[in-house]
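Everything on this sheet refers to the single structure shown next.
The values are calculated or read from the model by the stated rules, or taken from the named source; none is laboratory data. Quick caveat, the model's predicted, so the values are computed rather than measured. FYI the Cβ positions are ideal-geometry reconstructions off the backbone, even for glycines, and counts take in every protein chain you see.
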Amino acid sequence: MATSKIPDWITAELFEDVLKANVEGYSKVKTFKADIGSAAGENYATIMLRVNIDVELQDGKTKPVSYMVKLPHQLEVYQEMMKRTNIFDIERSMYNEVVPEMAALYKEVGVDITFGAKSYDLKNAKTDYVALEDLGIKGFKNANRLEGLDQTHTERVLLKLAQWHAASAVRVATKGPYPDVLVQGFFKEDTRPMITEMMKGMGANFVKSCVTYEGYEIFIDKVKALQPVFVDKLFEFAKVDPTEFNVLNHGDSWSNNIMFQYDAFGKIKEVYMVDYQIPKYGTVAQDLLYFLLSSTKLEDKLTKFDYYIKVYHEYLVEHLKILKYSKPIPSLRDIHLALFKYGFFGYSVVTGVMAAVLLDPTDSASFENFMGDTEAGVDFQMQLYNSPRYRKHIQAIMPWLLNRGSLDI
């Protein structure tokens with residue numbers, strides 16, 4: 001990943017319009033430099049570049065500016081996926097239409113909420129891309145994914161998710177449904193073969209690893225029985241039940257897609273979500289299980305789970321009321337019922353994204369190894385499921401999922 005070259009069309013000229021529109025007193029570009037912007041294992045789905053530009057202003061002073069640019073991998077397996085679901089088109093429309101619409105709903109009731117980075121259009125881009133402000137300049141950073149989020153960080157993220165979910169529910173209640181691409185998300189019939197292929201390898205490697213976990217005897221039979229129906233169950237989970245409370249899920253709410261800004265005393269000032277590539281309209285259970293099981297610290301993950309749902313629910317109710325939601329507001333019990341009903345999704349989180357979150361930084365962490373059945377791919381997947389850190393989490397979580405009925409077919 002780190003060796004991939006910077007495409008030669010990423011030049012100063014490409015940014016000229018953006019600079020003219022956004023840098024006051026812009027005169028010209030003095031220096032331009034593009035670097036790989038994320039380490040192996042910190043970002044699987046795209047190539048991240050950080051672009052640093054020194055701008056000369058009309059008064060002769062120099063001003064440094066920087067942007068993040070996301071590009072697609074040039075791998076064949078990736079191109080295949082892109083044909084079936086263009087995550088770049090989706091993310092650009094999220095930044096250009098969906099996110100501003102949510103902020104506007106709050107503005108109408110006099111509340112100022114920002115959900116994420118500003119995005120920019122690059123007129124002469126040669127491939128799919130997403131161009132964003134570099135949040136690092138404003139002091140935003142990720143929390144430590146290996147340690148997991150503590151209670152203070154978790155509650156702030158739940159507030160942001162609740163604000164986001166509330167706005168999306170109000171949007172649908174007032175303006176009608178989101179377009180199909182957001183209702184289906186990643187779970188479209190034409191991505192089924194790809195998901196099936198990926199899950200086959202990972203599923204088999206998880207079963208292999210499973211028998212080495214302490215106490216595996218109580219859940220191994222259920223895990224084996226889930227393998228052949230795993231993808232069917234995922235697609236079943238993805239169907240929207242109109243009788244339930246539904247929202248636009250962020251869809252990929254793990255710790256690296258959440259950025260925190262702190263004040264001088266180390267207190268959290270602001271939280272932004274990034275990476276709007278796989279949003280999905282449907283049950284709130286998706287974002288809640290994804291975030292709480294993948295990204296909170298081990299000591300809290302299960303002991304505070306119900307408490308965190310209560311915190312989320314209080315924020316959700318508050319913001320639905322602020323936005324004058326016209327439909328029945330879900331009770332705390334409704335949210336818990338959804339988490340039980342869609343508990344299987346929790347199993348897909350802990351055998352998928354959670355393993356990546358807990359993996360020590362390694363150069364073998366790449367999109368192709370995640371997807372692949374090559375020797376390197378199998379090695380990488382075994383590494384995911386066998387690190388001492390992952391082992392601690394999964395040994396605690398599997399009995400919990402079992403006892404909630406989440407592993408039942």
Mind telling me which of the residues SER294, SER331 ends up being more than 19 Å from VAL170 (Cβ to Cβ) and among the hydroxyl-bearing types (Ser, Thr, Tyr)?
-> SER294
Among (1) touching a helix residue (DSSP H, G or I) at 6+ places or on another chain (Cβ under 6 Å); (2) of a type in the set (Phe, Trp, Tyr); (3) over 24 Å from ARG389 (Cβ atoms), which single condition is TYR262 missing?
-> (1)
Give just the number: which of (1) under 19 Å from ALA39 (Cα atoms); (2) assigned to a helix (DSSP H, G or I) does LYS392 not satisfy?
-> (1)
Can you tell which of GLU236, GLU197, GLU189 is over 13 Å from LEU407 (Cα atoms), at pLDDT 90 or above and among the acidic types (Asp, Glu)?
-> GLU236
Filter result for the condition that a residue is more than 23 Å from LEU234 (Cα to Cα), surrounded by fewer than 20 Cβ atoms within 10 Å (Cβ to Cβ) and at pLDDT 95 or above, over LYS175, LYS160 | LYS175
Among the numbered conditions (1) without any contact (Cβ under 8 Å) to a residue 40 or more places away in the chain; (2) assigned to a helix (DSSP H, G or I), tell me where ILE137 comes up short.
-> (1)
For the stretch 108-130, what are the residues that are crowded, with 18+ Cβ neighbours inside 10 Å and under 17 Å from PRO72 (Cβ atoms)?
-> SER119, LEU122, TYR129, VAL130
ASN205 is checked against (1) over 20 Å from ASN249 (Cβ atoms); (2) not in a helix (DSSP H, G or I) and fails just one. What number does that condition carry?
-> (2)
Pairs under 8 Å by beta carbon, first residue farther than 18 Å from ALA21 by Cβ in the stretch 51-65, partner modelled with pLDDT of 95 or more and in a loop (DSSP other than H, G, I, E, B), six or more apart or different chains?
-> ASP59/GLY25
Where a residue in the stretch 258-281 is under 16 Å from SER119 (Cα atoms) and its partner, wherever it lies, is acidic (Asp, Glu) and surrounded by 17 or more Cβ atoms within 10 Å (Cβ to Cβ), with Cβ under 7 Å and at least six apart | ASP275/ASP252; TYR276/GLU91; GLN277/GLU91; GLN277/ASP252
Expected output for the stretch 355-383 (first residue small (Gly, Ala, Ser), partner modelled with pLDDT under 85, Cβ below 6 Å, 6+ apart or cross-chain) is ALA365/ALA40; ALA365/GLY41; SER366/MET1; ALA376/ASN369; GLY377/ASN369
Can we say LEU337 is crowded, with 18+ Cβ neighbours inside 10 Å, more than 25 Å from MET199 (Cα to Cα) and of a type in the set (A, V, I, L, M)?
-> no
Find the residue count for the stretch 141-190, including only residues that are of a type in the set (Asp, Glu) and part of a helix (DSSP H, G or I).
-> 4
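Yes/no matrix, rows are residues, columns are (1) charged (D, E, K, R); (2) surrounded by 15 or more Cβ atoms within 10 Å (Cβ to Cβ); (3) touching a Phe, Trp or Tyr at 6+ places or on another chain (Cβ under 9 Å); (4) within 28 Å of PHE206 (Cβ to Cβ):
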position: GLN227; (1), (2), (3), (4): no, no, yes, yes
position: LYS233; (1), (2), (3), (4): yes, yes, yes, yes
position: VAL247; (1), (2), (3), (4): no, yes, yes, no
position: SER255; (1), (2), (3), (4): no, yes, yes, yes
position: PHE265; (1), (2), (3), (4): no, no, no, no
position: ILE268; (1), (2), (3), (4): no, yes, yes, no
position: VAL271; (1), (2), (3), (4): no, yes, yes, no
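Every residue, every condition in (1) touching a residue at least 60 places away in the same chain (Cβ under 8 Å); (2) farther than 27 Å from LEU320 by Cβ; (3) in contact with a Phe, Trp or Tyr (Cβ under 7 Å, 6 or more places away or on another chain); (4) not hydroxyl-bearing (Ser, Thr, Tyr), yes or no:
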site: VAL98; (1), (2), (3), (4): yes, no, no, yes
site: VAL111; (1), (2), (3), (4): yes, no, no, yes
site: LEU122; (1), (2), (3), (4): yes, yes, yes, yes
site: TRP164; (1), (2), (3), (4): yes, no, yes, yes
